[in-house]
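Student: Quick one: the structure is below, questions incoming.
Since every read-out is calculated from the coordinates, none of them should be taken as a lab result. As the structure is a computational prediction, the values presented were derived from the model and not from experiment. Every residue, glycine as well, gets a Cβ built from its backbone with ideal geometry; the counts of neighbours run over all protein chains shown.
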Amino acid sequence: MRGISRLARELKLSSGTISRALNNKSGVNPETRRKVLAAAERLGYEPNQAARTLASGRTGSIGFMIDLDRDSVSNGDSFFMGVFDGVQTELALHDLDLLVLPCPSRQDKFAYLDKMISRQQVDGMILSEIESDDARIDYLKEAGVPFVTLGRTTSNQHYSWVDLDFEGVAQVAVDRLVSLGHRRIAITVPFGKVNFGRVFKTAFAERLAFHGLEFDSQLVFQTGIGEEDGYHLVDPMIDRPDPPTAVLLIFDATAIGIYRRLSERDLAPGTDFSVIGLRDEASVRYLRPGLTSFDVSLHDVGRELARALLPQVSGGAPAMVDLIQVKVPMELKARQSDCPVASRAIRDPLLLNGG
């Protein structure tokens, strides 16, 4: 049974009296209040969410906007599932629910966000797929909507964000490859305007400079997230006059295709060519040789997002709420896909062709 009207008919009281009794408002005598609460429990009363929102100005929900990208869907990317789990774990402690808002791939992200906010469906927002200059951030600030972002803009302006520690990954990976003798190292970055690719590339270039190595823009390869994307990366990388001897991947699943194409060319990952992934994804854990990559708790990423947002949602004035900007650390999981520079001549096209 749902709704105040049913309770009003059952107890022969006005809807206004029922509402005041349920919400512990004044003007209801104790005996009437007791009868209303007892009847509500007995009859399974559940408050109408729209009515509660109008009365309190709160929805009890936090929106998490993601891009419903065809590439992610077709490749079964599970990144957000782990993050959602962490967010909801933290929100549940505060009697809040997570509302996932998937923006269709063909729809403008700003227009989609504007529609969701205009409908007043959430008390706060978590944004993902952050672009270098993301208009959604200024929009939410001007609208006074509490928010936090998964990722950061170029400017890192005054707002709360949580991101993976791309700088730490670049430092550890480059240091490791340089110690193995590599001097020509390629890197992959995502297509599109998402800013984490820029952050990753910048950190990579800075770490090369630390070792006195020149950053070569010709060794930066844009890619999607799937196996076939990795497969089609190999030839452009190793057919260069001065090819790289190692690659640092932004998407681990591309390693599957890289392994396959290297094998077709009679080259072995971890022996003739070194590969390091960014995130220890389930899809690549059974590759042989094992893929050296970085481990991160997506559950912790989600909890950090919720913790950054909750002080804003609880009613604190924006100027009084502490700014939270967190880089979640990632731990290297060393396996067998990276190695000292090969004695075989990946650099020599004649040997590659059996000459």
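Student: Compute the distance in nm between two label points, each set 7 Å from the Cα along the Cα-to-Cβ direction, one at Ala282 and one at Arg183.
Tutor: Result for the modelled spin labels: 4.4 nm.
Student: Same structure again: Given a cut-off of 27 Å, name the pairs among Lys115/Lys193; Lys109/Lys141; Lys141/Lys327; Lys141/Lys201; Lys201/Lys327 whose C-alpha atoms lie farther apart than that in the structure shown. Walk me through the numbers before you get to the answer.
Tutor: Working: Lys115/Lys193 22 Å; Lys109/Lys141 16 Å; Lys141/Lys327 22 Å; Lys141/Lys201 29 Å; Lys201/Lys327 16 Å.
Over 27 Å Cα-Cα: Lys141/Lys201.
Student: Then there's this: Select one label from (1) 1.13; (2) 1.30; (3) 1.09: the one whose number is Cα Rg over 2.2 N^0.38 Å as derived from the coordinates shown.
Tutor: Only one option fits the structure, namely (2).
Student: Here is a further query. Most mobile of Leu37, Leu291, Leu310 per a Gaussian network model of the chain (Cα springs, under 10 Å)?
Tutor: Of Leu37, Leu291, Leu310, the Gaussian network model singles out Leu37 as fluctuating most.
Student: For a Förster distance of 30 Å, can you work out the FRET efficiency between the beta-carbons of Thr271 and Leu68, rounded to the nearest 0.05? All intermediate terms of the calculation are to be shown ahead of the outcome.
Tutor: On the way: r = 40 Å, r/R0 = 1.33.
FRET efficiency, Thr271 to Leu68: 0.15.
Student: Under the 0.36 nm per residue contour assumption, what length would be gained going from the current alpha-carbon distance of Ser263 and His94 to full extension?
Tutor: Details: separation 169, 0.36 × 169 = 60.84 nm, distance 5.22 nm.
Length difference between fully extended and current span is 55.6 nm.
Student: Place a point 7 Å from the Cα of Ser105 along the Cα-to-Cβ direction; which residues of the range 172-205 have their backbone N under 18 Å from it?
Tutor: Answer for this model: 190-194.
Student: How much length is gained if the chain between Glu214 and Ser155 is pulled fully straight, taking 0.36 nm per residue apart and subtracting their Cα-Cα distance, in nm to one decimal? Please report the intermediate quantities before stating the final value.
Tutor: Working: separation 59, 0.36 × 59 = 21.24 nm, distance 2.55 nm.
Result: 18.7 nm gained on full extension.
Student: Next question, about the same structure. At 7 Å along the Cα-to-beta-carbon direction for both Lys12 and Leu37, put a label point, then send me their distance in nm to one decimal.
Tutor: 2.4 nm
Student: Taking the beta-carbon count within 10 Å as an exposure proxy, list Glu304, Glu331, Glu281 from fewest neighbours to most. Can you show the working numbers first?
Tutor: On the way: Glu304 25, Glu331 13, Glu281 18.
If I rank by nearby Cβ atoms, fewest first, I get Glu331, Glu281, Glu304.
Student: While we're on this one: Roughly what angle does helix 298-313 make with the longest principal axis of the chain, taking Cα atoms, 0 to 90 degrees, to the nearest 10?
Tutor: That works out to roughly 40 degrees.
Student: May I ask you to order 131-139, 207-215, 144-152 by the average number of other C-beta atoms within 10 Å around their residues, highest value first? List each step's numbers first, then the result.
Tutor: On the way: 131-139: 16.8, 207-215: 14.1, 144-152: 22.0.
Ranking the peptides 131-139, 207-215, 144-152 by packing returns 144-152, 131-139, 207-215.
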